[in-house]
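These notes concern the structure reproduced below.
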Amino acid sequence: MRFAVIALFLAACGTSPDVTEAPADAVVEPVVEPAVEPVIEPATAQARINVNTADEATLKGIPGVTERMAHEFDEYRPYVSITQFRAEIGKYVDEATVAGYEQHIYVPIEFNDCDAATLMQVPGIDAAVAEQLIAGRPFASADEFTTMVEGVASNDAGIAAAAMLSSQ
C-alpha cells in the first residue's frame, strides 16, 4: 500500500520510479498513534449550570465536585454574585479549584445590581465592558441590557448574557 501511494505521488510529480510490490510474506507493522489525554473544555455560557437552581446530582456532575462540595454549594445559596461564590467556596478549596468550578457554573446576573466580576462571567465581557454596562444603568428591561451588551461587546456576548440572567 505504501509503495502504491509513493508511486502515485511520484507519478503526479512527473517521476516514474521503478517500484516493485512487497513480497506476499512481508510483515507490515501497524502505525500506532500515541494515546491522547481527553481535554475537559469549559462549558459554554448556555451549557453552564445555574448554581442557584442546580440540584445535587447536577452539581456532582461538575468535575471535582464531591458530595461534600455539592452540599457546600447548596448551603450558601442563593448567591448574589460570583464574588460571594468565590468567598464562600474558597473556604473549602483553593483558588484554582474555585476557578475550575466557575468554568461550569454561573451566578445569575441581576443586570441592574450585580458587580463587575459577575458580569465578567459572560464570555466576551471583560473589565472595561463590565464598567460600561454598570455606567449605563439603570436598564428598563432585560432586552435593553442585552442590546447594550451586544453594542459594547458582541452579539454572542448578548446571547450568552441573556442566557445567564436571573428571572427578574
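Observations on the structure shown:
- When both region 130-168 and region 95-123 are represented by their alpha-carbon centers, they are found 14 Å apart.
- Under 5 Å from the amide H of I105 lie the amide H atoms of I49, each residue being 5 or more positions distant or on a separate chain, with H modelled from the backbone and absent for Pro and chain starts.
- Sequentially through region 59-75, phi angles give Karplus couplings (6.51, -1.76, 1.60; θ = phi - 60°) of 4, 5, x, 6, x, x, 8, 8, 4, 4, 5, 4, 5, 5, 4, 5, 4 Hz, Gly and Pro residues having no value and appearing as x.
- Semi-axes of the equivalent ellipsoid for region 111-168, Cα gyration tensor, largest first, Å: 14, 13, 11
- For region 103-113, Karplus couplings with θ = phi - 60° (6.51, -1.76, 1.60), whole Hz, Gly/Pro x: 5, 10, 10, 8, 9, x, 8, 9, 4, 9, 10
- Alpha-carbon gyration tensor eigenvalues x 5, square-rooted, for region 52-168, Å: 27, 13, 13
- Amide H contacts of E110: S166, each under 5 Å away and 5 or more positions distant or on a separate chain (H built 1.01 Å from N in the peptide plane; Pro and chain starts excluded).
- For the pair D113 and D55, a Förster radius of 25 Å applied to the C-beta separation gives a FRET efficiency near 0.45, rounded to the nearest 0.05.
- When F111, F139 are arranged by Cβ crowding within 10 Å, least crowded first, meaning fewest neighbours, the order is F139, F111.
- Diffusion coefficient of region 46-107 by Stokes-Einstein, Kirkwood radius over Cα pairs, 10 °C, 1.306 mPa s: 141 µm²/s.
Every number in this text was worked out from the coordinates using simple rules, so none of it is lab data. Since we're looking at a predicted model, the values are computed, not measured. So basically every Cβ, Gly included, is an ideal-geometry build from the backbone, and we count neighbours across all protein chains shown.
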